[in-house]
1. Within 10 Å of each candidate Cβ there may be at most 16 other Cβ atoms; applying that plus a DSSP loop requirement, which chymotrypsin sites (Phe, Trp or Tyr not before Pro) in the stretch 78-152 survive?
2. Per 5 Å bin, what percent of the C-alpha pairs of the stretch 284-432 does each bin hold, from zero upward?
3. What is the percent carbon and sulfur in the accessible area of the stretch 316-432, measuring with a 1.4 Å probe over the protein chains and ignoring ligands?
4. Quick check: the distance between the Cα centres of the stretch 105-120 and the stretch 181-228, to the nearest angstrom?
5. Within 10 Å, count the other beta carbons around each residue, average over each peptide in 62-69, 248-255, 79-86, 386-393, and list them highest first.
6. Report, in whole Å, the centroid distance computed from the Cα atoms of the stretch 293-351 and the stretch 374-389.
7. Tell me which GluC sites (Glu not before Pro) from the stretch 346-428 have a DSSP coil assignment and no more than 12 other beta carbons within 10 Å of their own.
8. Once fully extended, how much extra length lies between Asn64 and His288, figured as 0.36 nm per residue of separation less the alpha-carbon to alpha-carbon distance?
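The values are calculated or read from the model by the stated rules, or taken from the named source; none is laboratory data. In this text, all values refer to a predicted model and were calculated from it rather than measured experimentally. Quick reminder, even Gly has a Cβ in these numbers, built from the backbone with ideal geometry, and neighbours come from all protein chains shown. Just so you know, the surface numbers come from the protein's heavy atoms only, side chains and all, with ligands and any DNA or RNA stripped out. Shrake-Rupley method; radii C 1.70, N 1.55, O 1.52, S 1.80 Å.
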Amino acid sequence: MRMEKHPLWRRHSSITLETNRAPSGLLELAQNMAMVSPLHPWPSSTAPVSPHALQLIQTLVRMNTVSHRSNLELIQFVQDELKKLGVASRITRNADKTKANLFATLGEGKPAGIILSGHTDTVPWDGQDWTLEPLSATVRDGKLYGRGSCDMKGFIGMALAHAGDFLNSAAPFAVHLALSYDEEVGCMGVKGLIADLKDAGIAPLACIVGEPTGMLPATAHKGVYRYKCCVRGREAHSSLTPQSVNAIEMAARLICKLRDMAEGFEASEPRYEGFDVPFSTASVGQFHGGIADNVVPRDAEFRYEFRNLPTADVSSMQKEVLAFAERVQPAMKKIAPESGFSFETLCEVPAFLGSANDAVTRLAQRLAAADRTTLVAFGTEAGLFKNAGIPSVVCGPGSIEQAHQPDEFVSLEQLARCEAFMRALASTRTIS
């Protein structure tokens, strides 16, 4: 990954290196916040979304950042907006420099910092039955429509709209803006961003990932691990099957194994209550193989995934599949030595497990005026941040039920609540 350093980076790095006790600082912050108003959380906002914030969000929605495309237009726009405030950005790029992450500090020189994290890419809309132009960013009936409006440009735009507030805030911490690429295809970009922070010695205090949770802090989600299995057999005329190795049939044996594992999870895995599906799952999503009815297929390919509970060991799941393949291969190789299975890892998104008692969760809960926490079924970058030693929580506007759907939308009411969250984060001036 290539890095571009801004002029204040050396000073920033030295500051963050001196704040390795940051998590206890966040605990103190949350405790102090509770002392300021132990019975009355930050009030919910009935005010409309500010025109400036709405305009920024619409601008971002109108940019086509589907995962297979570049996100540089959006990154450059955010970089330019921050530059107007005198804030420089740190950029990490993918290998061919068509995509980039952005990391910026609002409140340079303050101890530690809280990350507001969002991914810039979206899923495509090909084949979906939209009644509106997907990139129109239309506001109608109290909703903002458009691809990415809910997942998750609403949060990104709102954070950007309040960059000036964070910059001028008397809060006892800095706010970092972290934007990533290729989250929708496996959280690829944020891994480089996190590695870059580690290389620079930056240890943020905590991270709030703004995925759509209805502005309820989410303390856990499952992991998502996807694999591709390629099966090589030996082709033959279908009248000579004993001389062949049928790749489809061998693939089917592994698929049946995966189904058996899925049924085992459902039958006997300890439950994690709060999830819609309170056990780990396994499923096959794609299968390809065969060229004609009367040709024993030489090749087959299928893709499968595990969605593991935060308390489950996904590595043991994949090892079980590999061990089964090893037991099947000898009979294949007896007929065709070149036959066998090969595996490729496509996606590794670790599960996330926080706690309602974590300082960052309590902080997010108070800022969101939320009376409870929640769990979410979908994957996010929170597990990667937490695994890097950064306490995390997931909290953002909108509902996952609208994400990835035709006529995706986020309600203006949710955006207003998110704006109240941002203002509250910037207005903690009474905290020592």
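1. Numbers: sites: Phe103, Trp125, Trp130, Tyr145; in loops: Trp125, Trp130.
When the chymotrypsin sites (Phe, Trp or Tyr not before Pro) of the stretch 78-152 are filtered for loop state and at most 16 Cβ neighbours within 10 Å, Trp130 remain.
2. It works out to 1, 7, 11, 13, 14, 11, 9, 8, 7, 6, 5, 4, 2, 1, 0, 0, in whole percents.
3. On the way: 2470 of 4850 Å².
Percent of accessible area from carbon and sulfur atoms in the stretch 316-432: 51.
4. So the separation of the two Cα centres works out to 14 Å.
5. Details: 62-69: 17.0, 248-255: 19.1, 79-86: 14.4, 386-393: 20.9.
Per-residue mean Cβ counts within 10 Å order the peptides as 386-393, 248-255, 62-69, 79-86.
6. Result: 26 Å between the Cα centres.
7. Details: sites: Glu348, Glu381, Glu401, Glu408, Glu413, Glu419; in loops: Glu381, Glu401, Glu408.
Qualifying residues, ordered by number: Glu401.
8. On the way: separation 224, 0.36 × 224 = 80.64 nm, distance 3.04 nm.
Result for the pair: 77.6 nm of gain on full extension.
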